[in-house]
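Have a look at the structure below, then the notes.
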Amino acid sequence: MSPTPLLPIAFEEFQKAVTALGLEKFRARQVWEWLFGKLVFDFAAMTDLSVAARQKLAEAFPTILPTDFETLRGADGTTKLSLPLADGQRIEAVGLPDDEALTFCLSSQVGCPVGCAFCRTGSLGYTRNLTVEEIVLQLMLLAKILRARPTNIVFMGMGEPFLNRQAVFGAIDLFTDPKQLGLATRRITISTAGVVEGIRELAGRPGEVNLAVSLHSVDNQVRSHLVPLNKRYPLDRLRAALVEYLDRTNRRVSFEMTLLKGVNDSLADALNLVQFCEGLLCHVNLVRFNPFPGCTYKPAPEAAEKEFRKVLKKAGLPVTVRRSRGADILAACGQLAGK
Ligand code: SF4
């Protein structure tokens, strides 16, 4: 079993723990500066603390971060972290370096209850929600492994973030806290399969956290097959929530479209999408499908993807084709499994 980790606690809790050790309150701030500012995770290296203070902290918290994790490095520099949790479950998170940017893709649940037809995480079922601490832990471990702070955070790993809103919003509050990472809210994106209560709650929160919606089809029948959550939140309800969101925030929404051969990649599908997007401040990401063992779907042929894109562009819709990253280590979108 891992010794008590230090990191997965909020600053105020850590401050209390520090004073309970008989240390001055400001020591907590010093430690936080080392951890979050300098990414130093060893008390012995925190040289502005007295030797006695360092010793006391090291005794109280034998390790700052767990050590029993595994990593895989892809050919394109993508790093996948596989992390065992205290109850024996395992989750994955991904670090994606790209020029000046470093994006951390974090998980919000063990497995996922949504069960999207083209997603490896969904095919494995759902176990439980992650805690705030387990979400923060993914970030700290990736930062330690990659020796860098993230420039962006996306909740696109395992799980549906809006089915674990309390912990996801709690973690975002910590990430954006100036005493911790101090990340700008606009550097954070939540990707949802369309939980309308979550979209509404995000609209009412302060800050500029971005919203991405895994749309994949604007035909209810097709979408209910691909994203079963559509039966609970059909497209008219989803669209109404998005209109409300845009009215309140005026922040652009991203639509994720994974194009699958013969399923949602026709010109008619593209035209229907244009119609759905009419009047919405949005951007479309065409995401290359990443096959995984046991899945029968195939990615749309390149020619179909090109035509699809042309239709959107012609209609004046901003569209990007998202490069697939980390597919060789099963770290790309929809490939995480915690295995
Ligand atoms: S795509 Fe996202 S919401 Fe759908 S099953 Fe996978 S993790 Fe869950």
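The values are calculated or read from the model by the stated rules, or taken from the named source; none is laboratory data. Because the structure is a prediction, the values reported are computed rather than measured. All Cβ positions, glycine included, derive from the backbone under ideal geometry; neighbour counts span all protein chains shown.
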Among the candidates Asp236, Asp269, Asp247, which residue alone is at pLDDT 95 or above, closer than 24 Å to Lys298 by Cβ and either part of a helix (DSSP H, G or I) or not hydroxyl-bearing (Ser, Thr, Tyr) (or both)?
Asp269
Those residues of segment 196-233 that are touching a residue at least 40 places away in the same chain (Cβ under 8 Å) and over 24 Å from Ala300 (Cβ atoms) come to a total of 9
Between a residue in segment 146-162 that is more than 18 Å from Ala212 (Cα to Cα) and any residue that is of a type in the set (Gly, Ala, Ser) and away from the ligand (no atom under 12 Å from the Cβ), which pairs come within a Cβ distance under 8 Å, given they are 6 or more apart or on different chains?
Leu146/Gly95; Arg149/Ala143; Pro150/Gly95; Pro150/Ala143
Does any residue of segment 148-165 turn out to be away from the ligand (no atom under 13 Å from the Cβ), of a type in the set (A, V, I, L, M, F, W, C) and within 13 Å of the chain's Cα centre (by Cα)?
yes
What do you reckon, is Leu139 assigned by TED's automatic domain parsing to the domain that holds Cys295, touching a strand residue (DSSP E or B) at 6+ places or on another chain (Cβ under 9 Å) and away from the ligand (no atom under 13 Å from the Cβ)?
yes
Scanning for something within 16 Å of the ligand (Cβ to nearest atom), part of a strand (DSSP E or B), within 18 Å of Val287 (Cβ to Cβ) and touching a Lys or Arg at 6+ places or on another chain (Cβ under 6 Å), does segment 103-114 turn up at least one residue?
no
Any idea which of Cys112, Cys105, Cys119 is crowded, with 18+ Cβ neighbours inside 10 Å and in contact with a helix residue (DSSP H, G or I) (Cβ under 6 Å, 6 or more places away or on another chain)?
Cys112
With criteria (1) away from the ligand (no atom under 16 Å from the Cβ); (2) over 21 Å from the mean Cα position of the chain (by Cα), Ile172 comes up short on (2)
How many residues are in contact with a helix residue (DSSP H, G or I) (Cβ under 9 Å, 6 or more places away or on another chain), among the charged types (D, E, K, R) and under 20 Å from Thr192 (Cβ atoms) when one looks only at segment 122-174?
4
Suppose we filter Phe308, Phe292 for residues that are buried (at least 19 other Cβ atoms within 10 Å of the Cβ), modelled with pLDDT under 90, on the phi < 0 side of the Ramachandran plot and among the aromatic types (Phe, Trp, Tyr); which single one remains?
Phe292
Checking Thr131 against (1) at pLDDT 90 or above; (2) over 24 Å from Gly37 (Cβ atoms); (3) within 16 Å of the ligand (Cβ to nearest atom), only one condition comes out false. Which one?
(3)
